[in-house]
Amino acid sequence: MDDGYFMSLALELARKGEGAVNPNPMVGAVIVKDGEVIGKGYHERFGGKHAEVNAIEDAKSKGHSIEGATLYVTLEPCSHWGKQPPCVDRIIQEGFSRVVVAMKDPNPLVNGRGIEKLEAAGIEVKVGVLEGEARKLNEVFVKYITTGLPFVSIKLALTLDGFIATSGFSSKWITGEKARRKVQELRRKHMAVMIGASTVLKDDPRLTCRIKGCTEKVKVILDRHGLTADGNFRVFNDGKVIVFTDSEREWAKAEVIRETDPGRILEILGEKGIDSVLIEGGRSACQFLPFADRLYLFYGPKLFGRGISPFECLDVETVDDAFRLEFLGVERLDDGIYVEARPCSR
Ligand code: AOF
Ligand code: ZN
């Protein structure tokens, strides 16, 4: 078996932490000795043990000796003290002879120091095995740890002619059941879910993530005029809610921040430790388009002819001025189409 094979096992393990480790990265680790996997682990929850330590403990609990083994880990082992002690010290202490790493940790506190320390201790280190997959897996972490800004995704359900509602604001249901399931998966990937006040008034959504292993989302409401201040909406029922507004009104069950500039809103969310936000529907999404890292577009096989476009704020005059996207994936979903795209400049 080659390095790629064992690293793919580690990546599979890492993925199990999705939705539970933010704003930390998803990390998986596999220990191999004499061609055989003797230990496996992953970073299970924020603040919890790191993947390497879980794999070491797994191997030891089965009576294996680690001396001379190879460690496959999807992110460079950490060299700093955070909520957990530095993994490199533990790796050196356990007597590994080789460490294979998918990608360097972009955390400025680590950023190559983990690799240096392992090499200085005489351990053979190989970096870059399945690096592309590892970077994709942790795209949220990479952006947040290097910029302090959350990864911004916009999710929309549209008719094939690009409307999110009819002119009379009717919108239920443009897409089908599988699309709604996929939205749950998207919520799992993000720490916060954001909507506009008009969606709260109209749909009264809960914004919960109802799939296994999904932690509670921070709910962010853009409510410039304070329209949701004294309503009894389901979104306020549980968990953390942040309202961004211009109004002087008060909310009983939300943290209120008097700011409505999209760039500032994202900075504030980043300062609060929120690494990712899924902006769901509504016309309020448009002002975040210049900051978007990803668009998730669900097209139903319907035409409205006239209606509400989510991108009205662009107001493009000529084809050359279009906001350009790159398609990352296109899928059939139910009787519709699912498009994953990103703005060209990103
Ligand atoms: C690893 N293995 O499983 C994880 C790592 O506060 P702490 O101690 O949990 O440290 C968090 C940082 O450690 C995180 O930003 C990233 O740089 C690294 N995460 N490192 O070797 C892991 N989760
Ligand atoms: Zn660590």
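Read the figures in this text as sums done on the coordinates, not as results from a lab. Keep in mind that this is a model prediction, so the values were computed, not measured. No Cβ is skipped: glycine too gets one built from the backbone with ideal geometry, and neighbour counts run over all protein chains shown.
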Lone unmet requirement of (1) among the hydrophobic types (A, V, I, L, M, F, W, C); (2) within 13 Å of ligand 1 (Cβ to nearest atom); (3) farther than 23 Å from G213 by Cβ; (4) not in a loop (DSSP other than H, G, I, E, B) for A55: (3)
Residues located in the stretch 216-235, provided they are part of a strand (DSSP E or B) and either in contact with a His (Cβ under 8 Å, 6 or more places away or on another chain) or not charged (D, E, K, R) (or both): V218, V220, I221, L222
Residue that is farthest from the chain's Cα centre (by Cα) [pool: residues in the stretch 250-271 that are in a loop (DSSP other than H, G, I, E, B) and surrounded by 18 or more Cβ atoms within 10 Å (Cβ to Cβ)]: W251
Close pairs (8 angstrom Cβ cut-off, 6 or more residues apart or separate chains): closer than 22 Å to L11 by Cα in the stretch 92-114, of a type in the set (F, W, Y) and within 11 Å of ligand 1 (Cβ to nearest atom) anywhere: P106/F141
Residue in the stretch 44-57 that is more than 23 Å from H190 (Cα to Cα), more than 12 Å from ligand 2 (Cβ to nearest atom), without any contact (Cβ under 8 Å) to a residue 40 or more places away in the chain and surrounded by fewer than 23 Cβ atoms within 10 Å (Cβ to Cβ) present: yes
Single unsatisfied condition, M26 versus (1) of a type outside the set (F, W, Y); (2) in contact (Cβ under 8 Å) with a residue 40 or more places away in the chain; (3) surrounded by 18 or more Cβ atoms within 10 Å (Cβ to Cβ); (4) away from ligand 2 (no atom under 16 Å from the Cβ): (4)
Criterion: farther than 12 Å from I31 by Cα, part of a loop (DSSP other than H, G, I, E, B) and either of a type in the set (A, V, I, L, M, F, W, C) or away from ligand 2 (no atom under 14 Å from the Cβ) (or both) - qualifying residue of P85, P77, P108: P108
Meets criteria (among the polar types (S, T, N, Q) and more than 20 Å from the chain's Cα centre (by Cα)) for N54: yes
V32 of a type in the set (V, I, T), more than 16 Å from ligand 2 (Cβ to nearest atom), more than 30 Å from L266 (Cβ to Cβ) and part of a loop (DSSP other than H, G, I, E, B): no
Exclusive hit being more than 27 Å from the chain's Cα centre (by Cα) and part of a strand (DSSP E or B), set I38, I66: I38
Residue under evaluation I154, criteria (1) surrounded by fewer than 22 Cβ atoms within 10 Å (Cβ to Cβ); (2) β-branched (V, I, T); (3) more than 16 Å from ligand 2 (Cβ to nearest atom), criterion not met: (1)
Residue in the stretch 162-177 that is of a type in the set (D, E, K, R) and surrounded by 15 or more Cβ atoms within 10 Å (Cβ to Cβ) present: no
Selection count, the stretch 199-230, where residues are surrounded by fewer than 17 Cβ atoms within 10 Å (Cβ to Cβ) and under 21 Å from E259 (Cα atoms): 4
Top-ranked residue of the stretch 76-122 - restricted to ones that are among the charged types (D, E, K, R) and within 11 Å of ligand 1 (Cβ to nearest atom), ranked as farthest from T146 (Cα to Cα): R90
Subset of the stretch 1-29 [closer than 25 Å to W81 by Cβ and part of a helix (DSSP H, G or I)]: A10, L13, A14
